[in-house]
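Single-structure report; data block below.
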Amino acid sequence: MSAGRVAIVGVGYTPFRPITPDVSFREMVYEAAAKAYEDAGIEPQKDLDACVTCQDDFEHGRSIWNEQTPDSLGAVLKPVGTIPGDGIYGLIDAYMQIRSGLRNVVVVETHSKASNMITRNYLLAHAPDPIYNKPLSQHPYYIAGMEMNRFLYETGNTKEQCAMVAVKNRRNALSNPVAAYGQKSAVEDVLGSEMISYPLTELDTSSHADGGIVMVLASEDRARSLAGKPVWIKGVGWCSETPWLESRNWGEAVYAKLAADMAYRIAKINEPREDIDFAEVDDTFSYKELQHLEALGLCQRGMAGRMTSDGVTQRQGELPVNVSGGSLGVGHLVEATGLQKVLEVVLQLRGEAGKRQLDNARVGLAQSWRGIPYASGAVAILSRE
Amino acid sequence: MSAEKVTQLSQTKRMFGELSFGPQDVKLYGQYTYGIAGERFFREIKDNGRIMGTRCQKCQLVYLPPRIYCERCFAELKEWVEVEGKGRVHSYTAVHVDLDGNRLNEPILMAIVEFPGIYGGFVHKLGEIEPRDVRIGLKVEVVLKREEEREGSILDIEYFKPGMFD
């Protein structure tokens, strides 16, 4: 085995739906995995060296939960690594295993069965510090309301520009056959929807969806021997700010900035705005897309709203953002959210994005945020060359 | 076409049979120890009505809530300093829904309160103010519960109210 470049050589996914009462999580993973192996042209029992699986226990209402996936992945009796976090962290893990020369072919799995959790808000309310924060016992989105308020205050971006993000992404989702929440809407609809936690409205927030995503990664030698179109992982990065709500930065996504700095360094990208053709960034809430675009260096601080209202981030714009529909349009996939963003980048780079295919998709960026109440996230930069 | 879709299986129309995974209402019990820093911090509030932070001399940081280590230089922190309970609203929100998603009759005001020269502060409620009067930068001061009602928890702070100070 030789250390060197790493490619995504196969992807498989199920349609993203608000509820999936017809299948168990295992069957969902099986479907995504079977499609990924077919796409890559490999047989898991013969070709897989290892697997990485990313799930959070709480999200599934079950303990030590991510040990449950090897059988539905065809990975029984293989080395399995479990990550209780977002899928991009799993992608990075697999990338490092191959890059180090330890493995040739590694599969990454993550999925959402969010509809199984009936009392999700209560689960999320368990995440903030149990001594200093949790006794205040509020709907956990109050944390997003405070962050949005501070972000808009510091940067001069507006609620209206946040609403434009929500409108754009749900509109984009209409061209994505597997997105759950595609919709034509107007800025007034978003601003006029029910207030959740000022200034955050109902339509500023993404709704959850279920779905499985599986990706096969391979070393350069192995990728070259497979029939499909390899998509190369050019750079990865990840970062966590202080976990304390009281101390972290509320106006700027520093975690995304530092994660991007690392990924750009590895990918040898000096001018992200020049070198990145399109991006799928975290949009769990509408304002997060603006905050993340600024942190990723894809525009100046305070200019993401203007860039949005000028149409730059539209599908026909100079820097299309969340062409897939993002979490606002596709549905929030819990720990599978980051890999949905990677998935869109892969499909675009392979020229397989159907009606929403971009013309000059050569280098794309995918970014994830771990979610409330934390300030951490990951970045992956992919290229077709 | 509507983005408002059924997101919970419980919202779908269906026949209910017995749906049970063993005994219902089984709760998980756990405990969260306050630790060295939390113990002292909450005792000071409860017994003395004082807010105390820990200080890192090297990094010139005062931690609130206090920690026994510095997250920058990783030194152990032993110096305790009092923090006057007068600060400013760093950010705020008005929460309109409860944990079940029901609309609240009156929104609840939540804020991050910062203090001059302090790394950190409090995430807490605002009181004695109308939502329309809150703004970022507003001067606020701590309102503690009466001493006999304090239990050594973050709820010993009732809320922060608009403050008159320089």
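Kindly evaluate residue A:145 against the criterion of being open to solvent by less than 30 Å² (accessible area, probe 1.4 Å), within 8 Å of chain B (Cβ to nearest Cβ) and either in a helix (DSSP H, G or I) or under 22 Å from residue B:90 (Cβ atoms) (or both). If you could, list the steps in order and put the result at the bottom.
On the way: open to solvent by less than 30 Å² (accessible area, probe 1.4 Å): yes; within 8 Å of chain B (Cβ to nearest Cβ): yes; either in a helix (DSSP H, G or I) or under 22 Å from residue B:90 (Cβ atoms) (or both): yes.
Judged against the criteria, residue A:145 is a match.
Within the group A:207, A:137, which residue is facing another protein chain (nearest Cβ under 8 Å) and modelled with pLDDT under 95? Explain how you work it out, then say what you get.
Values: A:207 fails: modelled with pLDDT under 95.
Exactly one of A:207, A:137 is facing another protein chain (nearest Cβ under 8 Å) and modelled with pLDDT under 95, namely A:137.
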When residue A:167 is run through (1) under 15 Å from residue A:308 (Cβ atoms); (2) in contact (Cβ under 8 Å) with a residue 24 or more places away in the chain; (3) open to solvent by 10 Å² or more (accessible area, probe 1.4 Å), the failure sits at (2)
Going through segment B:1-43 in order, the residues found to be within 12 Å of chain A (Cβ to nearest Cβ) and at pLDDT below 55 are B:1, B:2, B:14, B:19, B:21
Subset of segment A:1-44, residues of a type in the set (Ser, Thr, Tyr), modelled with pLDDT of 95 or more and closer than 16 Å to residue A:70 by Cβ, comes to A:30, A:37
Those strands (runs of 3 or more DSSP E) completely within segment B:44-118 that have 2 or more residues that are more than 11 Å from every other protein chain (Cβ to nearest Cβ) are B:51-56, B:79-83, B:86-97, B:103-114
Scanning segment A:54-98 residue by residue, the ones that are buried (at least 16 other Cβ atoms within 10 Å of the Cβ) and in contact with a Pro (Cβ under 8 Å, 6 or more places away or on another chain) total 9
Those residues of segment A:170-184 which are open to solvent by 30 Å² or more (accessible area, probe 1.4 Å) and closer than 22 Å to residue A:319 by Cβ amount to A:171, A:174
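May I ask you to say which residue of A:315, A:248, A:301, A:224 is basic (Lys, Arg), within 19 Å of the chain's Cα centre (by Cα) and open to solvent by 10 Å² or more (accessible area, probe 1.4 Å)? Can you show your working first?
Values: A:248 fails: within 19 Å of the chain's Cα centre (by Cα); A:301 fails: within 19 Å of the chain's Cα centre (by Cα); A:224 fails: within 19 Å of the chain's Cα centre (by Cα).
Exactly one of A:315, A:248, A:301, A:224 is basic (Lys, Arg), within 19 Å of the chain's Cα centre (by Cα) and open to solvent by 10 Å² or more (accessible area, probe 1.4 Å), namely A:315.
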Of the residues in segment A:34-43, those that are at negative phi and either more than 25 Å from the chain's Cα centre (by Cα) or outside any helix (DSSP H, G or I) (or both) come to A:42, A:43
Listed by first then second residue, the pairs whose first member lies in segment A:198-216 and is within 30 Å of residue B:136 (Cβ to Cβ), whose partner is of a type in the set (Asp, Glu) and surrounded by fewer than 24 Cβ atoms within 10 Å (Cβ to Cβ), with beta carbons under 6 Å and at least 6 positions apart or on separate chains, are A:202/A:194
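The values are calculated or read from the model by the stated rules, or taken from the named source; none is laboratory data. Source: prediction; values computed, not measured. FYI the Cβ positions are ideal-geometry reconstructions off the backbone, even for glycines, and counts take in every protein chain you see. SASA here: full protein model, heavy atoms, side chains in, ligands and nucleic acids out. Shrake-Rupley method; radii C 1.70, N 1.55, O 1.52, S 1.80 Å.
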